[in-house]
Amino acid sequence: MSVYVGSRTSEFGIRLALGAQPAGLLRSVLREGMVIALAGILAGIGGALLMTRALSKLLFGVTATDPLTFALAFAVLVAVGLAAGYAHHAPGTLIGLARRVGC
């Protein structure tokens, strides 16, 4: 996420200079970041479901396909993805972009 946002800092600065709203830029960064995060989450959940037989021997007090555990893991990872996107974008919309563009 950091590399993604960092590589587009100049683009964000130009868009802000042309009148784009910071909230619109934030939405686009979060949307694109969440597509990447959701692809990784779904691949991880798919891998975990494929490994249920091996995982069941390592788990105690919960089944390998416990829906609550998968839902909680999904929610936590989505929250982390959103926080990462916001944390890397929010400081860049203020003074950092103006310096980067040369204003």
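The values are calculated or read from the model by the stated rules, or taken from the named source; none is laboratory data. Quantities reported herein were computed from a predicted structural model and do not represent experimental measurements. Reconstructed Cβ throughout: ideal geometry from the backbone, glycine too, with neighbour counts over all protein chains shown.
Points worth noting:
- Scanning the stretch 65-72 turns up at least one residue that is surrounded by 12 or more Cβ atoms within 10 Å (Cβ to Cβ) and aromatic (Phe, Trp, Tyr).
- The residues listed here are Leu49, Leu30; of these, the one that is in contact (Cβ under 8 Å) with a residue 40 or more places away in the chain, surrounded by 12 or more Cβ atoms within 10 Å (Cβ to Cβ) and not basic (Lys, Arg) is Leu30.
- Qualifying residue in the stretch 6-18 (condition: at pLDDT below 80, part of a loop (DSSP other than H, G, I, E, B), surrounded by 14 or more Cβ atoms within 10 Å (Cβ to Cβ) and within 23 Å of the chain's Cα centre (by Cα)): yes
- Verdict on Ile41 being at pLDDT 85 or above and either surrounded by 12 or more Cβ atoms within 10 Å (Cβ to Cβ) or touching a Cys at 6+ places or on another chain (Cβ under 9 Å) (or both): yes
- Some residue of the stretch 49-65 being in contact with a helix residue (DSSP H, G or I) (Cβ under 6 Å, 6 or more places away or on another chain) and modelled with pLDDT of 85 or more: no
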